[in-house]
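Structure first, then comments.
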Amino acid sequence: MLYSVIGQTESILSNSIILKVEHLSYEINVIDPSSFPLNEKIKLYIHDYIKDESILLYGFKRELEKRIFSVLIKISGIGPLTAKSILKKCDCNRIISYVNEYDVEEFAKATGTGVKAEHIIRELKRNLGEVVIRDMRYKEVYDMLIGIGYSAYEVNEALEKLEDNLDISKAFLTAAEYIKDGRRKNWF
């Protein structure tokens, strides 16, 4: 699998670009081909999509775009074209904001996902816990809880319930209790 490539843009097509890397040229599907300069060196984060007998490469300017795309295409009913469309209509920071705020209505409007919006946000929240947590108050507590085996989804749910300005040990114990209660009550 490819992680990223650095090369020179050789051609701009309607849904993709041709990137020359050393002596090879790759067609890479991108969100907005017109945003790439022709004949300039660029770096793309790559997601290889393998289905049936085809291998498609999807390239992203930011690693976060790639991660969101990777989660989106794992959701039932969302393929690469829909995932690309969502990312084209709504930038990563707005998506993360909608996920943090669990703002289904605004997410649906911004992305055109309609009734699937709630399911998409729920899956993004479960699978992008590490990304979503970066703006949260208790990063150390998050790391400790993940380190002892709780899922990103459980930890995020627990941390959202904490009061502001708790010391780290109190925040850790309180969040762990929320998770234990949630498991007993089948919230997770």
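Report the residue count in region 3-18 for those that are touching a strand residue (DSSP E or B) at 6+ places or on another chain (Cβ under 9 Å), loosely packed, with under 14 Cβ neighbours inside 10 Å and either not in a strand (DSSP E or B) or not polar (S, T, N, Q) (or both).
4
Do you know which residues across region 1-14 are within 25 Å of the chain's Cα centre (by Cα) and either in the same structural domain as L72 (by TED's automatic domain parsing) or without any contact (Cβ under 8 Å) to a residue 24 or more places away in the chain (or both)?
The one that is within 25 Å of the chain's Cα centre (by Cα) and either in the same structural domain as L72 (by TED's automatic domain parsing) or without any contact (Cβ under 8 Å) to a residue 24 or more places away in the chain (or both): S14.
When region 89-118 is examined, which residues are found to be farther than 14 Å from I68 by Cβ and in contact (Cβ under 8 Å) with a residue 24 or more places away in the chain?
G112, K116
Does region 163-179 hold any residues that are at pLDDT 85 or above and either assigned by TED's automatic domain parsing to the domain that holds N100 or not in a helix (DSSP H, G or I) (or both), and which are they? Explain how you work it out, then say what you get.
Initial filter on region 163-179 (at pLDDT 85 or above): 166-179.
Passing the criteria: L166, D167.
Identify all residues within region 111-129 that are under 27 Å from V141 (Cβ atoms) and in a loop (DSSP other than H, G, I, E, B); write none if there are none.
Across region 111-129, the qualifying residue is only L128.
Residue-wise test of (1) outside any loop (DSSP other than H, G, I, E, B); (2) in the same structural domain as L19 (by TED's automatic domain parsing); (3) among the acidic types (D, E); (4) modelled with pLDDT under 90.
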site	(1), (2), (3), (4)
S34	yes, yes, no, no
L38	no, yes, no, no
L44	yes, yes, no, no
I68	yes, no, no, no
I75	no, no, no, no
A83	yes, no, no, no
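In region 46-66, what residues are free of Cβ contacts under 8 Å to residues at least 12 places away in the same chain and not in a strand (DSSP E or B)?
Those that are free of Cβ contacts under 8 Å to residues at least 12 places away in the same chain and not in a strand (DSSP E or B): D52, E53.
Name, by its number, the condition in (1) under 15 Å from the mean Cα position of the chain (by Cα); (2) crowded, with 18+ Cβ neighbours inside 10 Å that does not hold for L44.
Looking at each condition in turn, L44 falls short on (1).
Within region 19-32, which residues are in a strand (DSSP E or B), among the β-branched types (V, I, T) and within 27 Å of C90 (Cβ to Cβ)?
I28
Considering only residues that are of a type in the set (G, A, S) and surrounded by 17 or more Cβ atoms within 10 Å (Cβ to Cβ), which ones fall in region 71-84?
The answer is A83, and nothing else.
Which condition does Y26 not pass, out of (1) over 22 Å from the mean Cα position of the chain (by Cα); (2) closer than 26 Å to T111 by Cβ, if it passes all the others?
(2)
The values are calculated or read from the model by the stated rules, or taken from the named source; none is laboratory data. Just so you know, these numbers come straight off a predicted model, no measurement behind them. As a convention, Cβ positions derive from the backbone with ideal geometry for all residues, glycine included, and neighbour counts pool all protein chains shown.
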